[in-house]
Amino acid sequence: MPALIHPKLRVAAVQAAPVFLDIDATIDKSIRLAKEAAEQGVKLIAFPETWIPGYPWWIWLNSPALGMQYVQRYSDNSLVLGSADFKRLTTAARDLRIWMSMGYSEKSGGSLYMGQALIDDQGNVVKTRRKLKPTHVERTVFGEGDGTDLAVMETPIGNVGMLCCWEHLQPLSKYAMYAQNEQIHIAAWPSFSLYRGAAHALSAEVNNAASQIYATEGSCFVLAPTATVSREMHEMLCTDDLQRQLLLEGGGFARIYGPDGASLGTPLPEKEEGLVVADIDLGMISLSKSVADPAGHYSRPDVTRLLLNKTPGDRVVANVMPGMAVADDGMGEPAVPSLVS
């Protein structure tokens, strides 16, 4: 019997600043980075958390009232799934023959969510997800995801999953992902330049350690893209000395980790934009799994188990009584019931 062939591929984690609060220009930049990656033979490129149209740093720098000046612009430049803007990304993935994990602020109705999408090299959307629980003041901007967002997708390049930022500090969410035999994990982060020296939990040291531990615990490859804060962003957001101390330029610490926790590829200086690139061999995973598979042979389900509820968190459910018809809302979903004469 011939030996199984494990996928080998070149991957890239983005380290760059978006064109802040500008969806069109940020998509242009995304396509340029994806083209640069494809020219280097990269098969999968991963972008940071809320890359489009950038992370809303003002929520950490001032009162909610002063932050309202950014709200309309941020909403207008957030990404609507299935829109012409979104199709620009899927078309680019198809044309460049590259897999893409994109981070964005998702606009759905009147609400925003911290979204990620996995797009294959044919331009097909494999999965979209939302951050289950926005962190701290992020909850003033974004809504929550649901159990369908803890998903690992079986693909030709391996079993791929995605989480955002401090979802990597949620032990049960991580375990739910490990249990789905994840092989390639996208750990999308914003810049590590907030409250430097004052809040060690937000530091590059701690958060890259979270990505590294995820790789080791889950015996998987981890792509950890991070954004940077550009000079233009810094000048726009920081209007006094205190704010300039709270949020610094740079903060890019993109990394790639192997299933043994080893750092792969060549890191970039924190203010430099570019790609961290590495060649990965999914065959390495079996070596790590043979030692410790936390959701397999290295578990004790008779002592501790996880309940994973994958029911979609629908906001509106139409209950239909006998003798009533349901009108279509135009998106293939039932809307308000009406009496049948």
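The values are calculated or read from the model by the stated rules, or taken from the named source; none is laboratory data. What you see is a predicted model; the values in this text were computed from it and never measured. Cβ atoms come from the backbone with ideal geometry, glycine included; neighbour counts cover every protein chain shown.
Brief remarks follow.
- Criterion violated by Glu49 - all others in (1) within 23 Å of Thr226 (Cα to Cα); (2) of a type outside the set (A, V, I, L, M, F, W, C); (3) surrounded by fewer than 23 Cβ atoms within 10 Å (Cβ to Cβ) satisfied: (3)
- Against the numbered list (1) at pLDDT 55 or above; (2) surrounded by 12 or more Cβ atoms within 10 Å (Cβ to Cβ); (3) not hydroxyl-bearing (Ser, Thr, Tyr), Pro334 comes up short only at (1).
- Considering each residue of the stretch 246-256 in turn, at least one proves to be assigned by TED's automatic domain parsing to the domain that holds Thr26, in a strand (DSSP E or B), among the basic types (Lys, Arg) and in contact with a strand residue (DSSP E or B) (Cβ under 8 Å, 6 or more places away or on another chain).
- Pairing each residue of the stretch 241-261 that is free of Cβ contacts under 8 Å to residues at least 12 places away in the same chain with any residue that is surrounded by 17 or more Cβ atoms within 10 Å (Cβ to Cβ) and part of a helix (DSSP H, G or I), provided the two are 6+ apart or on different chains, yields C-beta distances under 8 Å for Arg244/His234.
- Top-ranked residue of the stretch 292-322 - restricted to ones that are at pLDDT 85 or above and of a type in the set (D, E, K, R), ranked as nearest to Glu217 (Cα to Cα): Asp293
- Which listed residue is over 18 Å from Ala13 (Cα atoms) and touching a Gly at 6+ places or on another chain (Cβ under 9 Å), from Ser219, Ser203: Ser203
- Listed by first and then second residue, the pairs linking a residue in the stretch 41-58 that is over 23 Å from Ile256 (Cβ atoms) to a residue that is of a type in the set (D, E, K, R) and part of a loop (DSSP other than H, G, I, E, B), with Cβ atoms under 7 Å apart and 6 or more places separating them unless they lie on different chains, are Pro53/Asp22.
- Scanning the stretch 12-67 for residues that are among the hydroxyl-bearing types (Ser, Thr, Tyr) and at negative phi turns up Thr26, Ser30, Tyr55, Ser63.
- Of the candidates Leu223, Leu308, Leu202, Leu264, the single residue that is in contact with a strand residue (DSSP E or B) (Cβ under 7 Å, 6 or more places away or on another chain) and in contact (Cβ under 8 Å) with a residue 60 or more places away in the chain is Leu223.
- The set of residues in the stretch 30-46 being part of a helix (DSSP H, G or I) and buried (at least 19 other Cβ atoms within 10 Å of the Cβ) consists of Ser30, Leu33, Ala34, Ala37, Ala38.
- When restricted to residues that are within 30 Å of Asn124 (Cβ to Cβ) and not in a helix (DSSP H, G or I), the stretch 57-93 contains 7.
- Which listed residue, of Glu36, Glu106, Glu49, is assigned by TED's automatic domain parsing to the domain that holds Lys133 and either touching a Pro at 6+ places or on another chain (Cβ under 6 Å) or farther than 27 Å from Glu232 by Cα (or both): Glu49
- Within the stretch 94-111, being surrounded by fewer than 23 Cβ atoms within 10 Å (Cβ to Cβ) and either free of Cβ contacts under 8 Å to residues at least 40 places away in the same chain or part of a loop (DSSP other than H, G, I, E, B) (or both) holds for Arg94, Asp95, Arg97, Ile98, Lys107, Ser108, Gly109, Gly110, Ser111.
- Any hit, the stretch 123-140, residues being of a type in the set (Asp, Glu), at pLDDT 95 or above and closer than 26 Å to Leu282 by Cβ: no
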